[in-house]
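To keep things clear, I will list the structure first and then write my remarks on it.
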Amino acid sequence: MPTPREWAAKGTVLRITRWTEPVMRNPTRPVTEFGGELHQLVADMFATMAVADGVGLAAPQVDVDLALFVFHCPDKDDRLRFGIVCNPVVTLPEGKNRRLDSTEEGCLSWPGAYQPLARPDFAICEGQDENGTPVRIEGTGLLARCLQHETDHLAGTVFGDRLSKRSRRLLNEQHDTMTALYPQDWPISRKLAPADL
Ligand code: ZN
């Protein structure tokens, strides 16, 4: 499998959509064609994620209503993991195996804003890779969070939906403060520095 860098080299950086756009709020269509068109989308998503400095990116975030995401993310042992999951299904621990981790979370589609969100510290994500071959990823640490966050996107759910009213208000205040730094077509156009405003 190509590395994220090799994928990105074949891709084009696309504009990242924001939470206010309908494509982010609608359920996605399953991936059924695993050919060249899908591979180009995957390359574009890796290119976009790298430039935006993200650890995961779902297709609706590049304005495509298909059920897939890419990731390039450290686990709890700081091992960088990467991959592509089409039609993902996440399984979370139940009962005494379920431990919540409350770490700050952010989203490339609501840039500049972070809030702590409690999520299970382990997740299994099953689906298919870019060729339709079954994949199963066991994620710990930030990767567990990433697998849950990206799979949520494919159902039209954003992490702000999972926050308390108060945390959501703080998140939106941060976003309002930071949003001027992100051009409308970011990351095609670069993020601005506060001095540029
Ligand atoms: Zn996100």
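Against the numbered list (1) away from the ligand (no atom under 15 Å from the Cβ); (2) assigned to a helix (DSSP H, G or I), P183 comes up short only at (2). Scanning the stretch 109-138 for residues being open to solvent by less than 30 Å² (accessible area, probe 1.4 Å), in a strand (DSSP E or B) and over 30 Å from L181 (Cβ atoms) gives a total of 6. Of the residues D78, D53, the single one that is within 14 Å of the ligand (Cβ to nearest atom), on the phi > 0 side of the Ramachandran plot and surrounded by fewer than 19 Cβ atoms within 10 Å (Cβ to Cβ) is D53. Being over 25 Å from H39 (Cα atoms), modelled with pLDDT of 95 or more and among the aromatic types (F, W, Y) holds for only one residue in F82, F159, and it is F159. For the stretch 87-108, the tally of residues that are of a type in the set (D, E, K, R), open to solvent by 80 Å² or more (accessible area, probe 1.4 Å) and under 19 Å from C125 (Cα atoms) stands at 3. Scan the stretch 135-144 and tell me whether some residue there is within 11 Å of V85 (Cα to Cα) and over 16 Å from the mean Cα position of the chain (by Cα). Scanning the stretch 135-144, I find at least one residue that is within 11 Å of V85 (Cα to Cα) and over 16 Å from the mean Cα position of the chain (by Cα), so the answer is yes. Among the residues making up the stretch 145-155, those that are out of contact with any Ser or Thr (no Cβ under 8 Å at 6 or more places or on another chain) and either without any contact (Cβ under 8 Å) to a residue 60 or more places away in the chain or part of a loop (DSSP other than H, G, I, E, B) (or both) are Q148, D152.
The values are calculated or read from the model by the stated rules, or taken from the named source; none is laboratory data. Values in this document were obtained by computation on a predicted structure and should not be read as measured data. A quick note on method: Cβ atoms are made from the backbone with ideal geometry, for glycine too, and the neighbour counts reach across all protein chains shown. Surface accessibility is based on the protein's heavy atoms, side chains included, excluding ligands, DNA and RNA. Shrake-Rupley method; radii C 1.70, N 1.55, O 1.52, S 1.80 Å.
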